[in-house]
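Structure first, then comments.
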Amino acid sequence: MTIDSSDLIARTPRPRTRISLAADLRALGLEAGMTVIVHSSLSRMGWVNGGALAVVLALQDVLTAAGTLVMPAHSGGISDPAQWRRPPVPAEWIDEVRATMPPYDPALSPTRGIGIIPEYFRTLPGVLRSAHPMGSFAAWGHHAAFITGNHSLECELGERSPLGKIYALDGQVLMIGTGYDTNTSFHLGEAHVPNAPQTSVSTCVVREGQAAWVSYIDVDYSADDFDRIGADFEASHPDRVQIGLVGSAETRLFRQRSAVDFAREWLLRHRPGWGLVPPADAPTGGPSPQP
């Protein structure tokens, strides 16, 4: 959706800048050296001088090179057109769309449906992007190579994904002007559920220099109830979520592990057929890779 600049100016009391946004982030609790995954809405911040660039620079200023900035870089359109629903394509198009689909290229494939800030971020010098053709992540900073490396095809959002690496590093989640429906880390909670339902996924990659369709089995991820999980997480643990303003945007900062572990237990209670309750002394989640 294109936002009218005059409307943004009218509802912004003063310009949002790299300097003011950095001050807001520090006031919220973001610190140098942190590892943080960011979900964002540029328009919710008000009128920002420099747009997405100013937001990224403010985040980097606060985290410094000792920290690590991560954003989703998902390209969900690189998937089987026969399974598209929002919107579907005509049945007679499917074979042609599949045959002409550009395969995933970390340097070229655009993000889809996650906003202008992550789309801009993935293109910047020094930013690395993981290899998953549909659920990649981009990262900059101290742990960027660790977080983006070895992203398993069969584990889009699970333990062997960048989300699992952030969990291992005890990183943070920062939601700038977005709701819990954008909190990708809840998907790691899904992956931590024993015997979570699975589904077959098809995507287009490069194999031996040619576009090739591959299929794999992964968790049947769904964000349909993430707003409910987030509301219950906040109500149960209000002390774990720092809430403030970044520009005009209501913003939340919290430990990813707390949210993931809460989501896992919530899913066991609220999604019919999801998992088996493990023994009380069983560890939460699976083994995490170490940096």
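Across HIS237, HIS132, the residue with the most accessible area heads the list, and the full order at a 1.4 Å probe is HIS237, HIS132. Measuring only protein heavy atoms, the 1.4 Å probe finds ILE217 accessible over about 90 Å². As an equivalent ellipsoid, the chain spans semi-axes of 29, 25, 19 angstrom, where each value is the square root of five times an eigenvalue of the C-alpha gyration tensor, largest first. In plain terms, the C-alpha convex hull of the range 1-155 casts an average shadow of 10.8 nm² when viewed from every direction.
Over the range 1-72, what relative contact order in percent results from Cα pairs under 8 Å that are six or more residues apart? Averaging sequence separation for qualifying contacts and normalising by length gives 44 percent for the range 1-72.
Each Lys and Arg adds +1 at its Cβ and each Asp and Glu adds -1 at its Cβ; summed about the Cα centre, the range 45-167 shows a dipole of about 260 debye.
For the range 146-278, the Kirkwood estimate of hydrodynamic radius, built from reciprocal distances between every pair of different alpha carbons, is 16.0 Å.
Length available on full extension from ALA32 to GLU250: 0.36 nm per residue minus the Cα-Cα distance, which gives 76.3 nm.
The label-point distance for ILE94 and SER6, in a model that sets each label 7 Å from Cα toward Cβ, rounds to 4.7 nm. Only protein heavy atoms count here; under a 1.4 Å probe, THR123 has an accessible surface of about 80 Å². Computed about the Cα centre, the dipole magnitude for the chain is approximately 680 debye when only Lys and Arg (+1) and Asp and Glu (-1) carry charge, each at its Cβ.
Multiplying the residue separation of ALA223 and GLU154 by 0.36 nm and subtracting their alpha-carbon distance yields 23.0 nm. Computed on the chain, with alpha-carbon pairs under 8 angstrom and 6+ residues apart, the relative contact order is 21 percent. Taking the accessible area of the chain, probe 1.4 Å, and keeping the other protein chains in place, the carbon and sulfur fraction comes to 53%.
Model label sites at ASN49 and ASP239, defined 7 Å from Cα along the beta-carbon direction, differ in position by 4.1 nm. Based on the reciprocal of the average 1/r between different C-alpha atoms, the Kirkwood radius for the range 212-281 equals 14.6 Å. Beta bridges assigned by DSSP with both partners in the chain are antiparallel in approximately 75 percent of cases. Within the full protein context, the accessible area of ARG255 is estimated at about 100 Å² for a probe radius of 1.4 Å.
If the segment from GLN210 to ALA82 were pulled out straight at 0.36 nm per residue, it would be longer than the present Cα-Cα gap by 43.9 nm. In terms of accessible area, using a 1.4 Å probe and ignoring ligands and nucleic acids, ASP61, ASP95 rank largest first as ASP95, ASP61.
In terms of accessible area, using a 1.4 Å probe and ignoring ligands and nucleic acids, ASP227, ASP24 rank largest first as ASP227, ASP24.
The values are calculated or read from the model by the stated rules, or taken from the named source; none is laboratory data. Just so it is clear, the structure is predicted and the values come from calculations on it, not from any experiment. Cβ: placed from backbone, ideal geometry, glycine included. Neighbour counts: every protein chain shown. When the accessible area is computed, the model is the full protein with side chains, heavy atoms only, and any ligands, DNA or RNA have been set aside. Shrake-Rupley method; radii C 1.70, N 1.55, O 1.52, S 1.80 Å.
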